[in-house]
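Report on the following structure.
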Amino acid sequence: MDDKDAKNTAPVEEVKLITTTPVVAEKAPLKPKLNLKILVIGLLVLVAVVLIIFSVFFNKTSINTKLPPPEPENVLLATVKGENILSQELLDLAGTYVLESQMDKNDLKQYLDKLIERKILDIEAKSRAIVLDESEATKDLDETMKSWAPRLYQRDRDENYYKLLKSQISARFISSMALNIIGFWVPGPNDPEVVDVPDHDAKRKTGIAALEKIEGLIRSGTDPYKATTQILPEYPLLNKVLAYNGGILGAESGGTISSNPIEYELSKLKTSRPYLYDGVLLMKEGETKTLIEPNGRGASIVQVVSRRGKEFNSYDEFISLRKKELVKFKDKI
């Protein structure tokens, strides 16, 4: 190489290769794994909290929820010739007469006695082969009550039925009664046997007023005949109208007036004066009552002086004996 070329050629420096080691980022240290015990405890705590919350909610709901009252216990109260009387039967009967909220022990005792009496009457009717016509017990009832008040309809039907049954049974063992009868009978203007009856309405009203006064005196202890003759002058319209034991007061030929009671055979009284028969059959000795004729034309004060029977002298005597024979009490009300 010549000098010229040597000048133009720059010396080549030696290039050193520098190698660098790549910098690797340091990894974050790993967190330790959760301790298994801590996890289990946490789960248990969570479950406990849920259970507590649920328990509180359930208790509040239970308190605020009104539970229905328990069914009353149906207690055996008595038996009548082996037939049970249960407390529910008593409540059913009493509930047709008295509101349940107003019932007390006296009410329940009263209606228990009624239940017992009815069962005795049923037993007696069966033993004496007495069968009543159902229509007699319902003839005066409002038939529409069957739909809008069935319990009250049944109550009234039963009242009528057992009243009739009492009369039928009493008639079997009572043969005659000694009675005082003070009364009047005023025929109406259309009665065939009467041509002219002046003041018939006024006489009927006056007759009822006079009987009320006479009955008041008898109840206070005045002799019936004396009470009648004492009151009659106050009501001149009743002269020759008012009668005592069949004799017309104030009439010259009004029949014999007896101040003593008259003995009536019930079989004859039933035929001749049925309204009196029905009225006196269940009356007690010494009892006084005013009975109105169904047609409204007359009325009578009846005093039962005595009763004579084939088996019993009164219904009360009969029912008292049957209770002793047939009834066994099991539980107090």
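The values are calculated or read from the model by the stated rules, or taken from the named source; none is laboratory data. A quick note: this is a predicted structure, and the numbers were derived from the prediction, not measured. Neighbour counts run over all protein chains shown; Cβ positions are idealised from the backbone, glycine included.
Points worth noting:
- Restricting attention to the range 281-307, the residues being in contact with an Asp or Glu (Cβ under 9 Å, 6 or more places away or on another chain) and either within 25 Å of residue 206 (Cβ to Cβ) or not assigned by TED's automatic domain parsing to the domain that holds residue 200 (or both) number 10.
- Cβ pairs under 6 Å, 6+ apart, first in the range 257-278 and within 16 Å of residue 175 (Cα to Cα), second among the basic types (Lys, Arg) and modelled with pLDDT under 90: 277/270
- If the condition is being closer than 30 Å to residue 248 by Cα and out of contact with any strand residue (DSSP E or B) (no Cβ under 9 Å at 6 or more places or on another chain), then the range 288-326 contributes 294, 295, 296.
- Which numbered condition residue 117 misses (of (1) more than 21 Å from the chain's Cα centre (by Cα); (2) touching a residue at least 60 places away in the same chain (Cβ under 8 Å)): (1)
- Only one of 231, 257, 262 that is assigned by TED's automatic domain parsing to the domain that holds residue 206 and either of a type in the set (Gly, Ala, Ser) or within 25 Å of residue 201 (Cβ to Cβ) (or both): 231
- Extreme residue, surrounded by the most Cβ atoms within 10 Å (Cβ to Cβ), among residues of the range 153-169 that are more than 16 Å from residue 275 (Cβ to Cβ) and touching a residue at least 40 places away in the same chain (Cβ under 8 Å): 169
- Taking every residue in the range 141-152 that is assigned by TED's automatic domain parsing to the domain that holds residue 95 and more than 17 Å from residue 97 (Cβ to Cβ) and pairing it with any residue that is surrounded by 14 or more Cβ atoms within 10 Å (Cβ to Cβ) and of a type outside the set (Val, Ile, Thr), at least 6 positions away or on another chain, the pairs with Cβ-Cβ distances below 8 Å are 142/153; 146/153.
- Test for residue 264: is it more than 30 Å from residue 105 (Cβ to Cβ), touching a Lys or Arg at 6+ places or on another chain (Cβ under 7 Å), among the hydroxyl-bearing types (Ser, Thr, Tyr) and buried (at least 17 other Cβ atoms within 10 Å of the Cβ): no
- Filtered by the rule that a residue be among the polar types (S, T, N, Q) and assigned to a helix (DSSP H, G or I), the range 95-148 gives 101, 102, 106, 110, 127, 135, 138, 147.
- Where strands (runs of 3 or more DSSP E) sit wholly within the range 252-333, those with at least 2 residues that are over 27 Å from the mean Cα position of the chain (by Cα), at pLDDT 90 or above and within 23 Å of residue 222 (Cα to Cα) occupy 262-265, 288-292, 298-309.
- Check on residue 218, closer than 21 Å to residue 295 by Cα and assigned by TED's automatic domain parsing to the domain that holds residue 292: no
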